[in-house]
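K.L.:
This is the structure I have questions about; it appears just below.
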Amino acid sequence: MRYEGIVYRPPSEGGSLIIQATVGCPHNRCRFCNMYKNKRFRIRKVAEVLEDIDEAGRVYGGDNVRTVFLADGNTAVMRTEHLLRILGRLNEVFPRLERITSYCASQYMDKKTEKEWADLRAAGLSRIHCGMESGHDPLLRKVCKGTSMEEQIRGGRAVRAAGIELSMYYLAGLGGAEMSASHATDSAAVLNAVNPEFIRVRTFTPMPGTELGEDFRAGRFVPLDAHSSLRELRILIERLEGDGLFLSDHWLNFADISGRLPEDKEVMLKAVDQALALPGDQFRPVGMITDSL
Ligand code: SF4
């Protein structure tokens, strides 16, 4: 298998075979993201990807791979017929596959028709991880996310209608204090309209090598402290009306608030209130991601 640069995957894909079908991110402009800054986006030749799959079959054994993650940042941007060839070969080489997943931002989910998504589902694509980050249009524009509330809803619904599981990520604190409440409220509206199987919370932390990181260093962006971030999370949870799993499965979050909606909503709100009652020094420091954070 050939890999270029750092290859990212969601924590839930830690045990998956990773096949790098694209390199980098076709958007690559989000002001908070440094994942693919040093990669020039390109779609790999299908023949090369098929060779990698064949090699993985020889190395790991066809019966031993149950889950596959297609990297990098937005592999669904590939032409559907090419993705279908890749999915077909994965199923041939690994006949016991249970899950094939990929990242896809809303603007690319929205580019495929429901029929294309249905064909991809039939060929084995079973879950999309979507960095929604926010449903609040002014914030989406501010961080150059390249999508809108309307597009997030349309794209998410197309994927869900095809029977593909959807995991949507909420970036707590991305709007700072100024947009905190509207960020949570509009994000809840998108999540309610799409009703994904998984809502995953990540707490925004400025990163070196990003524009928001530079804003933080220059004092133009002040990250939310633990209590403000938890109050924002409370607004989000209060408004959620769907029936998926809500997960805080990341070390940067200030508290592990997880459960199944709607039945665990009150328990989760109580857990937020318990965390809010803790003194500020009980939480990790707020600041740029460095070796000490
Ligand atoms: S957040 Fe997603 S869409 Fe934005 S630059 Fe990073 S990988 Fe690309």
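K.L.:
Roughly what % of DSSP beta bridges within the chain run antiparallel, to the nearest 5?
P.N.:
Numbers: 4 of 30 bridges.
The answer is about 15 percent antiparallel.
K.L.:
Segment 163-266: which trypsin sites (Lys or Arg not before Pro) are DSSP loop and have at most 12 other beta-carbon atoms within 10 angstrom? Kindly include the intermediate steps, with their values, before the conclusion.
P.N.:
Working: sites: ARG200, ARG202, ARG217, ARG220, ARG231, ARG234, ARG239, ARG260, LYS265; in loops: ARG220.
Listed in order of number, the matching sites are ARG220.
K.L.:
Moving on to the next point. Taking the dipole about the Cα centre of the chain, with the C-beta of Lys and Arg at +1 and of Asp and Glu at -1, give me whichever of MET179, PRO285, GLY219 is farthest to the positive side.
P.N.:
So the residue we want is GLY219.
K.L.:
What angle, in degrees between 0 and 90 and rounded to the nearest 10, separates the Cα long axis of helix 176-194 from the longest principal axis of the Cα atoms of the chain?
P.N.:
40
K.L.:
Give the distance, in whole Å, between the Cα centre of segment 200-268 and the Cα centre of segment 146-177.
P.N.:
After rounding, the separation between the Cα centres reads 15 Å.
K.L.:
With each pseudo-label sitting 7 Å past Cα toward Cβ, what's the ALA161-ARG58 distance in nm, one decimal?
P.N.:
If labels sit at ALA161 and ARG58, their model points lie 4.4 nm apart.
K.L.:
Can you count the Lys pairs in the chain with C-alpha separation below 28 Å, eight or more apart or on different chains?
P.N.:
The result is 18.
K.L.:
Using only the alpha-carbon atoms, how far is helix 46-60 inclined from the longest principal axis of the chain? Give it as 0 to 90 degrees, nearest 10.
P.N.:
The helix 46-60 is inclined about 90 degrees to the chain.
K.L.:
Relative contact order, percent, of the chain when contacts are C-alpha pairs under 8 Å separated by at least 6 residues? The partial results should precede the final answer.
P.N.:
On the way: 565 pairs, mean separation 41.7, N = 293.
Relative contact order comes out at 14 percent.
K.L.:
So, one more: Could you work out how far apart the two model spin labels at HIS82 and ARG31 are, taking each label as a point 7 Å from the Cα in the direction of the beta carbon, and quote it in nm?
P.N.:
3.2
K.L.:
Tell me what the chain gives for mean residue ellipticity at 222 nm when only DSSP H runs of n ≥ 4 count, each as -39,500 (n - 2.57), the sum divided by the residue total, rounded to 500 deg cm²/dmol.
P.N.:
Roughly -12000 deg cm²/dmol at 222 nm, from the helical runs in the chain.
K.L.:
Continuing with this model, one more query. If you take the beta carbon distance between ASP273 and ILE6 as r and set R0 to 30 Å, what does 1/(1 + (r/R0)^6) give as a FRET efficiency, to the nearest 0.05?
P.N.:
Details: r = 38 Å, r/R0 = 1.28.
It comes out at approximately 0.20.
K.L.:
Starting from segment 225-290, pick out the GluC sites (Glu not before Pro) whose DSSP state is loop and whose Cβ has at most 15 other Cβ atoms within 10 Å.
P.N.:
Within segment 225-290, the qualifying GluC sites (Glu not before Pro) (loop, at most 15 other Cβ atoms within 10 Å) are GLU241, GLU263.
K.L.:
Using the Cα atoms as the points, what is the convex hull volume per residue of the chain in Å³?
P.N.:
Working: hull volume 37.1 nm³, N = 293.
Per residue, the Cα convex hull of the chain comes to 126 Å³.
K.L.:
Still on this structure, please answer the following. Near ALA277, within a Cβ-to-Cβ distance under 13 Å, what is the net charge of the other residues, with Lys and Arg +1 and Asp and Glu -1?
P.N.:
On the way: positive: ARG231, ARG234, LYS270; negative: ASP273.
Local net charge: +2.
Throughout, read-outs are computed from the coordinates displayed, never taken from laboratory work. Small disclaimer: the values here were computed from a predicted structure and weren't measured. Don't worry about glycine lacking a Cβ; one is built from the backbone with ideal geometry, like all the others, and counts go over all protein chains shown.
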